[in-house]
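Participant: Take this structure, written in structure tokens, and hold onto it; I'll ask about it next.
The values are calculated or read from the model by the stated rules, or taken from the named source; none is laboratory data. Just so it is clear, the model here is predicted, and its values are computed rather than measured. Cβ placement follows ideal geometry from the backbone for every residue including glycine, while neighbour counts extend to all protein chains displayed. Heads up: the accessible areas ignore ligands, DNA and RNA and are worked out on the full protein's heavy atoms, side chains in. Shrake-Rupley method; radii C 1.70, N 1.55, O 1.52, S 1.80 Å.
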Amino acid sequence: MEHGFRRRTAICCALLVPSLALAAAGCTGRTSTELRDASGLVSYNVSGDGVDPGETVRVTVRKEAGDRITGVRATDGSGRPVEGELTGDGTAWRSTSALASQARYTLRVTTVDASGARGAAVHEFRTARAGNLLDIALGPAEGLYGVGQPVTAQLSAPVEDRRARAVVERGLEVTSRPAAAQGSWHWVDDRTLHYRPRTYWPAHATVRVRAQLDGARVAGDLYAGPDPELEFRTGARTEAVIDAASHTMKVVRDGKVLRTFPVTTGKPGFETRNGVKVVLAQEPFVRMTGASIGIPEGSPESYDLPVEWAVRVTWSGEYVHAAPWSVAAQGVANVSHGCTGMSTEDARWYFHETRPGDIVRVVNSGGGEMEPFGNGFGDWNLEWQQWLAGSALGGADA
């Protein structure tokens, strides 16, 4: 630890000296507010281009001259300040917050000498590009989605430390117009974040996501790469409610029931998952096989079927789709291997009335619960307090 540094200051508000120009009250004469050029009295440990972004910036004045530093203001090209602290005798200042990668910095220093005369100096330098950059890929792709679509952020490197995670979260801004309810990021794992509002997105909204991290130090020698941006829109609030007990599927749009279909869901041993799912994709035709969900070929439960109008809700292969072979059971019994089946006409209608991001909610099934992560977007199955617990900004040490 270095001694003598007793006064801490956020140097963004240390002084307001715009330049070294001398102030004049009129055409002639000098006033007590004029600043002398202190460039020859002040020394710096950083200069030019290629400064290591991990460097601590140090500013000093000559003790024997009787000068003291009264303030240092350090900012990058975007106006972001660097914090620092001044020694008790005013002869030295050092930075206490991290520099950014590939950023140009301006130091504005004010001084005073033994007689009370004030001075100012300006110094510039540029940091080098960090060798270890954290890139962020935002999702979904730009387009039109349902109100259940989460925002995703995929990181190019793991971020495990809670304080480092807080740096990432603070630099990721999500807004919507109309405004959504309170929202938060949730760390799925050390490379993946999801963002959702407390309730679903507003219908017919524009959602904007942007990072403000470019060059910022995340942790150790890891610095943020270029800032990504994303914009997508939401359509109407369309929700399919599948009741496995009554063997029906009700489609509701903006609070109005559009249609109710007879359906069949998963039979015993293959029960459909309960809970909220989000439409992942629409596939006009897909070949479904028992082998894809672990059923051995040739066994009594084995199947190999061409399927039309398939709406995917899990990555493991749960769909809402046309099942003309089970029409007799639809509305009466559950006979599928986990999917929701309906007539070809009904499936075609639903296929064209839904989109990725729409909500599919299953109730009264004998199956387990939809996983929050890993098999699609089950984000909405977490209660709000559970969701907030996954944020690095929710704790006292964030």
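Participant: Is the shape of the stretch 245-398 rounded, prolate or oblate, going by the alpha carbon gyration tensor and its root eigenvalues a ≥ b ≥ c, with a/c under 1.5 for rounded and a/b larger than b/c for prolate?
Facilitator: Because a/c hits 1.5 or more and a/b exceeds b/c, the stretch 245-398 counts as prolate.
Participant: Sticking with this structure for a sec: With an 8 Å cut-off on Cα pairs and a minimum separation of 6 or more residues, tell me the relative contact order of the chain in percent.
Facilitator: Across the chain, relative contact order equals 14 percent.
Participant: To the nearest 0.05, how large is the calculated FRET efficiency for Arg233 and Glu371 if R₀ is 25 Å and r is the Cβ-Cβ distance?
Facilitator: Once the sixth-power term is evaluated, E becomes 0.35.
Participant: Specify the inter-centroid distance of the stretch 174-232 and the stretch 325-357, based on alpha-carbon positions, in whole Å.
Facilitator: 35 Å
Participant: So, one more: How far is the Cα center of the stretch 234-268 from the Cα center of the stretch 109-164, in Å?
Facilitator: Result: 45 Å between the Cα centres.
Participant: Of all accessible surface on the chain at a 1.4 Å probe, what whole percent is carbon and sulfur?
Facilitator: Looking at the chain in its full context, I get 49 percent from C and S.
Participant: Give, in nm to one decimal, the length gained when the segment between Ala114 and Ser302 is fully stretched (0.36 nm per residue of separation minus the Cα-Cα distance).
Facilitator: 58.4 nm
Participant: What percent antiparallel are the DSSP beta bridges of the stretch 24-167, to the nearest 5?
Facilitator: Around 90 percent antiparallel, to the nearest 5.
Participant: Let me ask something else about it. Collect residues whose amide H, placed 1.01 Å from N in the peptide plane, falls under 5 Å from the amide H of Val360; neighbours closer than 5 in sequence don't count.
Facilitator: Ala240, Lys277, Val278, Val279
Participant: Return the label of the correct value of semi-axes √(5λ) of the Cα gyration tensor in Å, as calculated from the structure shown, out of (i) 61, 26, 18; (ii) 64, 20, 16; (iii) 36, 28, 17.
Facilitator: Checking each listed value against the structure points to (ii).
Participant: Next question, about the same structure. For the ranges 96-103, 334-341, what's the packing order if you count other beta-carbon atoms within 10 Å of each residue, average per peptide, and put the highest first?
Facilitator: Ranked from most to least packed, the peptides come out as 334-341, 96-103.
Participant: Order the peptides 135-143, 203-211 from the highest to the lowest mean number of other Cβ atoms within 10 Å of their residues.
Facilitator: 203-211, 135-143
Participant: Further, regarding this structure: Before I look further, what does the stretch 313-392 give for accessible area per residue, probe 1.4 Å, in whole square angstrom?
Facilitator: Ligands and nucleic acids excluded, the figure is 40 Å² per residue.
Participant: Mind pulling the angle between the C-alpha long axis of helix 344-353 and the longest principal axis of the chain? Nearest 10 degrees, somewhere in 0 to 90.
Facilitator: The helix 344-353 is inclined about 20 degrees to the chain.
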